[in-house]
Amino acid sequence: MSSESRTAVVIPAAGRGVRLGPGAPKALRALNGTPMLIHAVRAMAASRAVSLVVVVAPPEGAAEVKTLLDDHALPERTDFLVVPGGESRQESVRAGLDALPPGIDIVLVHDAARPLVPVDTVDGVIEAVRDGAPAVVPALPLADTVKQVEPAAAPGAAEAVVATPERARLRAVQTPQGFDRATLVRAHETVTDNVTDDASMVEQLGLPVVVVPGHEEAFKVTRPLDLLLAEAVLARRRANDGF
């Protein structure tokens, strides 16, 4: 690995994806005939700054995921590694961090369920970490008004509105999230709460987290309607780019 190759990506892909319904794990669902995970790996490897992509697979499915990566055309300038994950997302990211070789000083953590992130977004996150930010998240302004509520006791029941946060100060966070490697390792060694993203772990260390512009095509494929939207984005890219 050359001295310029300093960025690695960890993709936790050990989850089941319950909201998409029964069947294969979400990351292995086909999108335009190719598993969503492969799209996500290619999106990260599209950045020339990324020298290694670590895929954290379901413990019983690591061999299958390794075969999957071997069977699809991936950029030759990028190394790929598959490691078994843990029960939680946090454990899986930690497994990916533990697998990183020396010489990597920037780490991105990316959701396998965000298969269509443009390379400019990836590069923008890496650049912000290189410029000195310990943690960087891509994010978008909110289109909808948001209400804070008192959660209902039963699913589907009416909920009381507690407050209406000022929308201009809110952002919808995406991935890849970028980190100084030592900072992210320390966060995983220190923060034991089950948090929803790695940046919030860095926040708990009292370190700054900065936001850079995200992209509307970096949405998370969570529900069946998202699959339709992702297919439409891919069809438009094929029409525009000829692939």
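If a residue must be of a type in the set (Asp, Glu), closer than 20 Å to Ala143 by Cα and in contact (Cβ under 8 Å) with a residue 40 or more places away in the chain, how many such residues does region 208-237 contain?
Matching residues across region 208-237 total 2.
Exactly one condition in (1) open to solvent by less than 20 Å² (accessible area, probe 1.4 Å); (2) among the hydroxyl-bearing types (Ser, Thr, Tyr); (3) assigned to a loop (DSSP other than H, G, I, E, B) is not met by Thr145; state its number.
(1)
If you scan region 62-97, which residues turn out to be open to solvent by less than 60 Å² (accessible area, probe 1.4 Å) and touching a residue at least 40 places away in the same chain (Cβ under 8 Å)?
Residues satisfying the conditions are Val65, Leu68, Gly85, Gly86, Ser88, Gln90, Ser92, Val93, Gly96, Leu97.
Within region 148-197, work out how many residues are under 21 Å from Ile104 (Cα atoms) and surrounded by fewer than 16 Cβ atoms within 10 Å (Cβ to Cβ).
Residues flagged as under 21 Å from Ile104 (Cα atoms) and surrounded by fewer than 16 Cβ atoms within 10 Å (Cβ to Cβ) within region 148-197 amount to 3.
With respect to Ala8, is the statement that it is at pLDDT 95 or above and either open to solvent by 50 Å² or more (accessible area, probe 1.4 Å) or not β-branched (Val, Ile, Thr) (or both) true?
So Ala8 passes the test.
Which of (1) touching a residue at least 24 places away in the same chain (Cβ under 8 Å); (2) open to solvent by less than 80 Å² (accessible area, probe 1.4 Å) is the odd one out, the single condition Leu205 does not satisfy?
(1)
May I ask you to list the residues in region 157-187 that are in a loop (DSSP other than H, G, I, E, B) and farther than 29 Å from Glu216 by Cα?
If the condition is that a residue be in a loop (DSSP other than H, G, I, E, B) and farther than 29 Å from Glu216 by Cα, then Ala157, Ala158, Glu159 are the ones that fit.
Scan region 211-222 and tell me whether some residue there is touching a strand residue (DSSP E or B) at 6+ places or on another chain (Cβ under 6 Å), over 21 Å from Ala27 (Cβ atoms) and either of a type outside the set (S, T, N, Q) or open to solvent by less than 40 Å² (accessible area, probe 1.4 Å) (or both).
As a first pass, look at region 211-222 and keep what is touching a strand residue (DSSP E or B) at 6+ places or on another chain (Cβ under 6 Å): 211-212, 214.
From the residues that got through so far, the ones that are over 21 Å from Ala27 (Cβ atoms) too are 211-212.
Pick out the ones that are also either of a type outside the set (S, T, N, Q) or open to solvent by less than 40 Å² (accessible area, probe 1.4 Å) (or both) and you get 211-212.
Yes, there is a match, as at least one residue in region 211-222 is touching a strand residue (DSSP E or B) at 6+ places or on another chain (Cβ under 6 Å), over 21 Å from Ala27 (Cβ atoms) and either of a type outside the set (S, T, N, Q) or open to solvent by less than 40 Å² (accessible area, probe 1.4 Å) (or both).
Would you check if Ala218 is at pLDDT below 95 and of a type outside the set (Ser, Thr, Tyr)?
Values: at pLDDT below 95: no; of a type outside the set (Ser, Thr, Tyr): yes.
In short, no.
For region 102-119: of the residues being of a type in the set (D, E, K, R) and touching a strand residue (DSSP E or B) at 6+ places or on another chain (Cβ under 9 Å), which is farthest from Glu231 (Cα to Cα)?
Once the filter is applied, the top-ranked residue is Asp105.
When you go through (1) assigned to a loop (DSSP other than H, G, I, E, B); (2) within 19 Å of Ala218 (Cβ to Cβ); (3) not basic (Lys, Arg) one by one for Met44, which number turns out not to apply?
Checking Met44 against (1) assigned to a loop (DSSP other than H, G, I, E, B); (2) within 19 Å of Ala218 (Cβ to Cβ); (3) not basic (Lys, Arg), the one that fails is (1).
Could you list, in sequence order, the residues of region 60-95 that are closer than 23 Å to Thr183 by Cβ, assigned to a helix (DSSP H, G or I) and either modelled with pLDDT under 90 or not acidic (Asp, Glu) (or both)?
Of everything in region 60-95, those that are closer than 23 Å to Thr183 by Cβ, assigned to a helix (DSSP H, G or I) and either modelled with pLDDT under 90 or not acidic (Asp, Glu) (or both) turn out to be Arg89, Gln90, Ser92, Val93, Arg94, Ala95.
Could you please find all residues in region 188-204 being hydroxyl-bearing (Ser, Thr, Tyr) and either closer than 22 Å to Val55 by Cβ or assigned to a loop (DSSP other than H, G, I, E, B) (or both)? Before you say what the answer is, go through the steps one by one.
Start the filter on region 188-204 by keeping residues that are hydroxyl-bearing (Ser, Thr, Tyr), which leaves 190, 192, 196, 200.
Thr192, Thr196 - these are the residues of region 188-204 that are hydroxyl-bearing (Ser, Thr, Tyr) and either closer than 22 Å to Val55 by Cβ or assigned to a loop (DSSP other than H, G, I, E, B) (or both).
Among the residues in region 104-119, are any free of Cβ contacts under 8 Å to residues at least 60 places away in the same chain and open to solvent by 10 Å² or more (accessible area, probe 1.4 Å)?
no
Residues Arg42, Arg19, Arg48: which one is modelled with pLDDT of 90 or more and more than 17 Å from the chain's Cα centre (by Cα)? Break it down stepwise before answering.
Values: Arg42 fails: more than 17 Å from the chain's Cα centre (by Cα); Arg19 fails: modelled with pLDDT of 90 or more.
After ruling out the rest, the residue left standing is Arg48.
The values are calculated or read from the model by the stated rules, or taken from the named source; none is laboratory data. Everything quoted here is computed from the prediction, not taken from an experiment. All Cβ positions, glycine included, derive from the backbone under ideal geometry; neighbour counts span all protein chains shown. We work out accessible area using only protein heavy atoms, side chains counted, and drop any ligands, DNA or RNA first. Shrake-Rupley method; radii C 1.70, N 1.55, O 1.52, S 1.80 Å.
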